[in-house]
Amino acid sequence: MPEINNWSINRLLSTAARMLEYSWNDQLKSLGLTHAGVTALSVIAQQRMISQVKVASLVGVQAQTMGKTLARLESHGHVFRTRNTIDRRSYLLGITDEGRRVLSEAENIDRKLASVGELSNPEFRGMLINIIEGLKEQGGEEVLKSSIPHQDAFSSSYDATDSGEVNLGKGATEVKRVNTAVMDVITPEMIARHRSEGDR
């Protein structure tokens, strides 16, 4: 094992993040999922029946990009499509029993990862947030602004290396959330806020 005691803070942080991401993606692969798929499943599970356009809007990606993720989920039997009774030209998406099962498994994986070391410690999360806030004041704000991790999750390559987090929209950080390791939590409150903003 490398002599990590002599590593810089930057190297320690980046290595820990890559190891966490690798473990997450590797375990999702056994379920036939990617990070993008987990995110989409989470939204569909909460909404019961929802259009592809609305799923993409909630997640923060283009509908065409979301279509590739949904096609993969459908091919694995995780979601189904049904004709929209209001607009017969469109379809609605729902989650299958198998989709609920793998989503539950993914949530269990995330919880197990969050229990490693100090990851589940709220103080550790607070320290990371403080570091980000501090570095933002030291010229890192552009990096923070240009960081759009959900686009990594919904990239065009749908192998086990797909990863990333979800852009939860304005005010998302104001919602109290559990201390997850990899999955960002999309709560009913966030969905309701998104809808209200869209109606303005």
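Only the coordinates and a few stated rules stand behind these numbers; no lab work does. In this text the structure is predicted, and so the values were computed from the model without any measurement. Methodologically, a virtual Cβ is constructed for each residue, glycine included, from the backbone with ideal geometry; neighbour enumeration extends over all protein chains shown.
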- Search the structure for amide H atoms under 5 Å from the amide H of ASN84, placed 1.01 Å from N in the peptide plane, and list their residues when 5 or more places away or on another chain. SER90, TYR91, LEU92
- Task: At most 16 other Cβ atoms within 10 Å and a DSSP loop assignment: could you name the chymotrypsin sites (Phe, Trp or Tyr not before Pro) in region 1-94 that fit?
- Result: TRP7
- Query: Once phi is turned into ³J(HN,Hα) by the Karplus curve 6.51 cos²θ - 1.76 cosθ + 1.60 with θ = phi - 60°, what whole-Hz value does each residue of region 72-80 show in order, with x for glycine and proline?
  - Reply: 5, 4, 5, 5, 8, x, 8, 9, 9
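Loop-only trypsin sites (Lys or Arg not before Pro) in region 43-110, please: DSSP not H, G, I, E or B, and at most 11 other Cβ atoms within 10 Å.
The qualifying sites are ARG48, ARG88, ARG89.
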